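Every number in this text was worked out from the coordinates using simple rules, so none of it is lab data. Remember, predicted model here, so these are calculated numbers, not experimental data. Here the Cβ positions follow ideal geometry from the backbone for every residue, glycine too, while neighbour counts run over all protein chains shown.
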Amino acid sequence: MSHVLDRPVWSALDTRHRIFAYGDRLARRYPSSIVPFAASGADGAESLQALASLIPAGESVFMLQADPIALPPELTATVTAFGVQMVAEAPLPSVSDERVQQLTQDDAAEMLALASLTKPGPFTLKALSLGEFWGVKIGGRLAAMAGERMKQPGYSELSGVCSHPEFRGSGLGRLLSVFVANRIFARGEIPYLHAYASNAGAVRLYESIGFRLRAEMNVAVVQRAG
């Protein structure tokens, strides 16, 4: 039996993030201005054709699911990778640091610059539309951040975790990951996250703070063929 997180993009757009969804009962996507994610609800021909109709020429979108990624002839994968999906099933040891502050749309440009530099995953100026973000500023500059992205019933994704290279090794990624995860727990939800399987350092960090592997994931960057 499938789990709600096996197709996290689909299950988010079919439930708590339906307000953002383009598409129908067969395939849905987020607006590219928010996050370039798309998914079909199943791998049948009709669903895959519906998925293809949501991706215009010249645009690339990310797909993420536990099942192997099936594509219709109209689409091709320009990048494929393996990922991991991890969950924390109990609140993490609490942290307190007066430097942690909530980020707002006024911080969006600096958040995008940090994400563009460190590449934690797809990120846009409208990332705050999906959930709250928290950060640490040092010397008036955004040194690190973490926030929330996809949401399903009972779950919220920890995402956008990154630290400026000048401040790596100072524990800010750990601090903010625990802080955001515990805020998710405080709402009665379970935090989960994704990382590339090849990013051993990130996986070790998340394991060390209490996350465990739930599923191996398939990742693809997809665009129209030809």
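Arrange the following residues from fewest to most other Cβ atoms within 10 Å of their Cβ: Lys151, Lys119, Lys137.
In order of increasing Cβ crowding within 10 Å: Lys119, Lys137, Lys151.
Take every DSSP beta bridge whose two residues both sit in the chain; close to 90 percent of them are antiparallel. Here the chain is treated as a Stokes sphere of Kirkwood radius computed over C-alpha pairs; at 25 °C and 0.890 mPa s its diffusion coefficient rounds to 137 µm²/s. Starting from the Cα of Ala113, step 7 Å toward the Cβ, then list every residue of the stretch 127-153 with an amide N under 16 Å from that point. Residues 136-145 qualify, since their backbone N sits under 16 Å from the label point. If R0 is taken as 30 Å, the Cβ-Cβ distance between Gln102 and Tyr22 corresponds to a FRET efficiency of 0.55. Rounded to the nearest 0.05, the FRET efficiency derived from the C-beta distance between Gln49 and Thr15 at R0 = 25 Å is 0.60. Counting every other Cβ atom within 10 Å of each residue's Cβ, Leu176, Leu213, Leu92 order from fewest to most as Leu213, Leu92, Leu176.
Starting from the Kirkwood radius over alpha-carbon pairs of the stretch 86-215, derive D by Stokes-Einstein at 20 °C in a medium of 1.002 mPa s and give it in µm² s⁻¹. Before the final figure, lay out each step's value.
Working: Rh = 14.6 Å.
My calculation gives 147 µm²/s for D.
When only Cα pairs below 8 angstrom with a gap of at least 6 residues are kept, the stretch 86-215 shows a relative contact order of 30 percent. Compared with the direct C-alpha span, the chain from His3 to Glu189 gains 65.4 nm at full extension, assuming 0.36 nm per residue. Over the chain, Cα pairs under 8 Å with separation of 6+ residues give a relative contact order of 29 percent. Mean residue ellipticity at 222 nm, helices only, the chain: -6500 deg cm²/dmol; runs of at least 4 DSSP H residues each add -39,500 (n - 2.57), and the sum is divided by the number of residues. Computed from backbone phi, the HN-Hα couplings of the stretch 140-150 come to x, 10, 6, 8, 6, 7, 7, x, 10, 10, 6 Hz, rounded to whole numbers (Karplus: 6.51 cos²θ - 1.76 cosθ + 1.60, θ = phi - 60°; Gly and Pro given as x).
Loop sites only, by DSSP: take the GluC sites (Glu not before Pro) in the chain that have at most 12 other C-beta atoms within 10 Å and name the longest stretch containing none of them. Let's see the in-between values first.
Working: sites that count: Glu89, Glu98.
In short, 99-226.
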